[in-house]
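What follows is a short report on a single structure.
The values are calculated or read from the model by the stated rules, or taken from the named source; none is laboratory data. Bear in mind the structure is a predicted one, so any value in this text is a computation, not a measurement. Note that we place each Cβ from the backbone using ideal geometry, even for glycine, and neighbour counts take in every protein chain shown. These accessible areas exclude ligands, DNA and RNA; they are computed on the full protein's heavy atoms, side chains included. Shrake-Rupley method; radii C 1.70, N 1.55, O 1.52, S 1.80 Å.
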Amino acid sequence: MEKIVFITGATSGIGYYSAVEFAKLGYNLIITGRRKNRLTELEKELKEKYNIKVISLNFDVRVREEVEKNINSLPLEWRNINILINNAGLAAGKEPIFEGDFRDWDQMIDTNIKGLLYVSRVIIPWMKERESGHIINICSIAAKEVYAGGAVYCASKSAVDSISQGMRIDCNPYKIKVTNICPGAVETEFSMVRFKGDKQKADATYKGYKPLTPEDIANTIIYCATLPNHVCINDLVITPTSQANATTFHRI
Ligand code: NDP
Ligand code: 8X3
């Protein structure tokens with residue numbers, strides 16, 4: 001069996017394009033997400049175009065029992081996961097903290113933090129046993145700097161930042177790499193999700209400058225994942241050239 005990459009949130013954006021870029025290199029893939037139709041379509045496309053093996057797992061990362069049942073259903077040879085990309089995540093809402101919706105808070109905390117932990121808890125022991133593996137956590141520039149209306153999303157990504165550091169320490173004796181990738185603005189479905197389908201608000205996020213594309217992040221992931229065994233990118237912040245930090249954009 002060639003190398004295996006496990007990607008959460010492969011139905012859209014960064015996860016989708018990561019699947020495509022790894023497929024181009026001949027990796028076999030386990031793709032996951034809640035939207036079953038999209039998973040089925042992507043699986044078919046990847047198999048046909050790139051002649052690789054693909055398994056789709058359809059689950060919500062917030063539901064621990066579903067996470068465990070689905071991942072444990074993998075055939076034995078598919079448990080040799082070389083690269084885990086913890087990508088599934090979202091921002092919900094951008095209201096000031098005193099107007100925030102507790103359902104948005106629950107969704108962000110349950111997906112971005114607890115979902116990442118549930119998936120990792122099943123897969124890391126398999127990597128530990130083989131003394132090899134690479135965990136790539138998709139964090140955010142929001143982990144490094146807090147912005148107005150972002151308290152809970154930023155906190156959830158700060159948690160990912162800390163979890164990446166802790167994973168790296170705990171996994172260090174087992175030759176498992178841990179890479180934390182922190183993108184700035186990437187044009188995906190992210191803002192449509194954050195603003196609950198308000199296209200005007202979503203479009204305004206990317207207005208007046210050239211944002212990163214999900215392919216840019218996928219290629220960054222590929223770069224980190226294909227370095228020699230003795231080299232590990234620990235923490236990487238990547239923004240569009242027009243973005244200086246979480247809140248400073250040069251817009252024209
Ligand atoms: P998209 O909305 O395009 O993709 C998000 C993916 O996450 C989808 O595949 C979605 O699949 C999956 N997902 C969300 N919630 C769940 C859930 N409960 N269970 C399983 N899968 C879930 O956004 P991006 O590609 O931009 O986001 C990917 C990651 O990148 C996120 O962690 C985000 O925080 C991070 N990020 C994004 C940035 C940006 O500007 N776009 C910048 C920095 C970080 P489905 O709905 O089918 O379940
Ligand atoms: C997504 C980027 O700046 O909207 O994590 O938080 S930002």
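Observations
- Comparing Cα centroids, the range 11-58 and the range 143-177 end up 26 angstrom apart.
- Solvent-accessible heavy-atom area per residue, rounded to whole Å², over the chain at 1.4 Å: 49 Å²
- Residue ranges 73-84, 15-26 sort as 15-26, 73-84 when ordered by packing (mean number of other C-beta atoms within 10 Å per residue, highest first).
- In this simple spin-label model, placing a label point 7 Å from the Cα along the Cα-to-Cβ direction at both M192 and D60 gives a separation of 2.1 nm.
- Members of K144/K175; K69/K144; K94/K128 lying beyond 29 Å, as alpha-carbon distances in this model show: K69/K144; K94/K128
- For C139, the accessible surface of its heavy atoms amounts to roughly 0 Å² (probe 1.4 Å, protein chains only, rounded to the nearest 10).
- Those aspartates and glutamates that a straight Cα-Cα span of less than 12 Å connects to K210, excepting residues fewer than 8 apart in one chain: E187
- Solvent-accessible surface (1.4 angstrom probe) belonging to W126, in square angstrom, nearest 10: 40 Å²
- Efficiency of FRET between V146 and T226 - r from beta-carbon atoms, R0 45 angstrom, step 0.05: 0.85
- With DNA, RNA and ligands ignored, accessible area of T247 (1.4 Å probe; Å², nearest 10): 90 Å²
- The chain, dipole about Cα centre (Lys/Arg Cβ +1, Asp/Glu Cβ -1), debye to the nearest 20: 240 debye
- Gain on full stretching of the segment that runs from N51 to L236 - 0.36 nm per residue minus C-alpha separation: 63.4 nm
- Proximal aspartates and glutamates to K36, defined as alpha-carbon separation beneath 13 angstrom and excluding residues fewer than eight positions away on the same chain: D60
- Spin-label model distance (nm) - N172 vs R251, 7 Å beyond Cα toward Cβ: 4.3 nm
- Atom-type composition of the exposed protein surface of the range 107-214 places 56 percent of the accessible area on carbon and sulfur (1.4 angstrom probe).
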